[in-house]
Amino acid sequence: MLKDDLVKSGAVKRGNFILTSGRQSSFYVDLKEFNTDINHLREISSKFCETVRGDVVAGVELGAVPMVIAVALEMGIPYSIIRKERSHGNKSLLIGEGVSGKRVAIIEDVVTTGGSVLKAVDVLREHGAIVEDVHCVMDREEGGEKALKEKNVVLHSLLKISDIF
């Protein structure tokens, strides 16, 4: 069971952490390390494949990338990666298949305030994608679901932090 695997592996850590959102937290969910175990990654991608619907899956670098690729391979559909910044190469924020007119499901590791996935929604929609759903492993229940709803996007989570604590 995913919840038990997260706890047993130490992916849920206690301490003092600064999150991507800039907020301080007394806990951290480290799915990047967790997903380096192929069995954990397989478990997560299989669960996502039960609910993800779309022509393309996409995710923000870095944490979502292994899950996006695993889901794309399992579902046999293309994938795209959203860069956090235009720092190199062709300076495009979007890497991957053309998304215009396609239904794109976003995959994310952890959603807190929704900042990263909201940017991803904007980038994909600017490229003509239809984005209605974000799928995450962990919803920290700190406003992300509400923020996404305001953009007409539904957050689907495999777990909520209240399932752990």
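The values are calculated or read from the model by the stated rules, or taken from the named source; none is laboratory data. As the structure is a computational prediction, the values presented were derived from the model and not from experiment. Cβ coordinates were reconstructed from backbone atoms using ideal geometry, including for glycine residues, and neighbour counts include every protein chain displayed.
Residues checked against (1) at negative phi; (2) part of a loop (DSSP other than H, G, I, E, B):
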{"position": "Glu50", "(1), (2)": "yes, no"}
{"position": "Arg53", "(1), (2)": "yes, yes"}
{"position": "Leu62", "(1), (2)": "yes, yes"}
{"position": "Met67", "(1), (2)": "yes, no"}
{"position": "Ala70", "(1), (2)": "yes, no"}
{"position": "Lys84", "(1), (2)": "yes, yes"}
{"position": "Gly101", "(1), (2)": "no, yes"}
{"position": "Val104", "(1), (2)": "yes, no"}
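Tell me yes or no: at least one residue of the stretch 135-147 is of a type in the set (D, E, K, R), closer than 17 Å to Gly63 by Cβ and surrounded by fewer than 19 Cβ atoms within 10 Å (Cβ to Cβ).
yes
For Val123, the criteria (1) within 20 Å of Ile18 (Cα to Cα); (2) surrounded by 15 or more Cβ atoms within 10 Å (Cβ to Cβ) hold in every case but one, which is (1).
State yes or no: is Ile95 without any contact (Cβ under 8 Å) to a residue 60 or more places away in the chain, hydrophobic (A, V, I, L, M, F, W, C) and in a loop (DSSP other than H, G, I, E, B)? The answer is no for Ile95. What pairs come out if I take residues in the stretch 47-63 that are in contact (Cβ under 8 Å) with a residue 24 or more places away in the chain and within 20 Å of Val123 (Cβ to Cβ) and pair them with residues that are among the aromatic types (Phe, Trp, Tyr) and surrounded by 14 or more Cβ atoms within 10 Å (Cβ to Cβ) whose C-beta lies under 7 Å away, six or more apart or interchain? So the pair list comes out as Val56/Tyr79; Val57/Tyr79; Ala58/Tyr79.
Failed condition for Glu132, given (1) modelled with pLDDT under 95; (2) surrounded by 14 or more Cβ atoms within 10 Å (Cβ to Cβ), with all others met? So the condition that Glu132 fails would be (1).
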